[in-house]
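Here the structure comes first, spelled out in structure tokens, and everything after it is commentary.
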């Protein structure tokens with residue numbers, strides 16, 4: 001659904017939509033990890049999204065300590081990030097091995113992550129649905 005992003009409600013709905021999409025991607029990655037738990041040399045993957053989104057939202061405000069750049073080669077550390085451009089990123093974990101065949105999938109962790117992801121997805125979907133119902137009720 002498309003809502004006006006210039007208001008707080010539209011922004012909130014866009015963030016819910018993005019979080020639901022990230023949760024779907026995370027579910028697919030976890031399923032892939034579980035499916036390859038016995039594949040030699042397979043390296044597990046994870047999805048990063050929430051920290052990127054939090055950083056983008058934090059960057060919208062005024063910086064606590066504004067950067068003073070006295071040279072054009074200086075790198076700005078208070079650059080604004082558009083929250084709408086944040087996408088879930090899949091990161092492969094190469095630095096650990098659980099078994100002799102170099103596979104690093106811990107099935108117990110993956111199952112826990114899967115359950116946690118499903119619960120968060122369902123909670124976000126419920127909140128999103130409630131907000132849509134409120135809009136529907138108001139529009140009648």
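Rule-based calculations on the coordinates, nothing more; no lab input. All values derive from a computational prediction rather than experimental measurement. Here the Cβ is made from the backbone with ideal geometry for all residues, glycine too, and neighbour counts use every protein chain on show.
One table, with the values for the structure above:
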item	result
Residues residue 28 and residue 81, FRET efficiency given R0 of 30 Å [Cβ-Cβ distance, rounded to 0.05]	0.75
Gain in span if fully extended, residue 95 to residue 7, counting 0.36 nm per residue against the direct Cα distance	27.4 nm
GNM flexibility winner over the chain from 47, 68, 29 (Cα, springs under 10 Å)	68
Which labelled figure in (1) 1.77; (2) 1.37; (3) 0.99 is Cα Rg over 2.2 N^0.38 Å, once derived from the coordinates	(2)
Listed residues 62, 126, 93, most fluctuating in the chain (Gaussian network, C-alpha, under 10 Å)	62
Exposure proxy ranking, count of Cβ atoms within 10 Å, fewest first, for 45, 59, 51	51, 59, 45
Fewest-first ranking of 18, 119, using other Cβ atoms within 10 Å as the exposure measure	119, 18
Residue-averaged 222 nm ellipticity for the chain, from DSSP H runs of 4+ at -39500 (n - 2.57), nearest 500	-18000 deg cm²/dmol
Spacing of the two label points (7 Å from each Cα toward its C-beta) at residue 38 and residue 116, in nm	2.7 nm
Least to most buried among 9, 65 (fewest other Cβ within 10 Å first)	65, 9
GNM flexibility winner over the chain from 53, 125, 20 (Cα, springs under 10 Å)	125
